[in-house]
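Only the coordinates and a few stated rules stand behind these numbers; no lab work does. Remember, it's a predicted structure, so these values are computed and weren't measured experimentally. Every residue, glycine as well, gets a Cβ built from its backbone with ideal geometry; the counts of neighbours run over all protein chains shown.
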Amino acid sequence: MIAGTGGFLGTVSRFLASRYFQNLFFSAFPFGTFIVNVTGCLLIGIFYGLSQKGNILNPEWRMFLTVGFCGGFTTFSTFAGENIALLKDGNFFHFTLYTGLSVFLGLMATYLGNVFILKII
């Protein structure tokens with residue numbers, strides 16, 4: 001129930017944020033999904049950092065925020081589908097850029113979110 005509620009809120013947030021950024025940066029590059037996924041990685045790093053700092057996040061809130069909200073907010077299946085579309089269109093530059101930046105910045109955002117929280121709290 002807790003993860004499902006977080007997932008619902010994350011999914012709605014993903015849809016709205018992804019659409020907003022894709023319309024803001026009209027391009028063949030899937031900015032909407034890219035920004036959402038990197039932001040989701042930053043958030044999950046922050047949430048895991050908070051859960052490691054004692055009693056800041058209890059197990060229910062951790063489940064709600066990480067598995068639920070971030071699980072619904074980030075979207076690997078959309079990422080994969082957009083990459084296939086880029087390949088089918090012969091857009092190898094955007095495919096390489098999108099895949100490389102998503103993986104690298106996603107990992108960096110998760111790490112930095114975690115380190116940031118562990119240092120300030």
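Quick note on the chain: its Rg to Rh ratio, both from C-alpha atoms and Rh being the Kirkwood radius, is 1.03.
Between the residues Phe15, Val67, Tyr48, the greatest Cα displacement towards the positive end of the dipole of the chain, with unit charges on the Cβ of Lys, Arg, Asp and Glu, is found for Tyr48. Using the Cβ-Cβ distance between Asn23 and Lys53 with R0 set to 41 Å, the FRET efficiency from 1/(1 + (r/R0)^6) comes to roughly 0.65.
Net length available on complete extension from Glu60 to Phe93 is 7.6 nm, with 0.36 nm assigned per residue and the Cα-Cα distance removed. Couplings for the stretch 27-32, taken from phi via the Karplus curve 6.51 cos²θ - 1.76 cosθ + 1.60 with θ = phi - 60°, read 6, 5, 6, x, 4, x Hz in order; Gly and Pro are left as x.
Applied to the stretch 36-47, the Karplus parametrisation 6.51 cos²θ - 1.76 cosθ + 1.60 on θ = phi - 60° returns per-residue 3J(HN,Hα) values of 4, 5, 5, 4, x, 5, 4, 4, 5, x, 5, 5 Hz, with x for Gly and Pro. Where does helix 2-24 land angle-wise versus the long Cα axis of the chain, in degrees 0 to 90, nearest 10? Rounded to the nearest ten degrees, it is 40. Whole-Hz Karplus values for the stretch 92-101 come out as 5, 5, 5, 4, 5, 4, 5, 5, x, 5 Hz, taken residue by residue from phi with 6.51 cos²θ - 1.76 cosθ + 1.60 and θ = phi - 60°; glycine and proline positions read x. Taken about its Cα centre, the stretch 2-120 carries a charge dipole of roughly 200 debye when the Cβ of each Lys and Arg holds +1 and the Cβ of each Asp and Glu holds -1.
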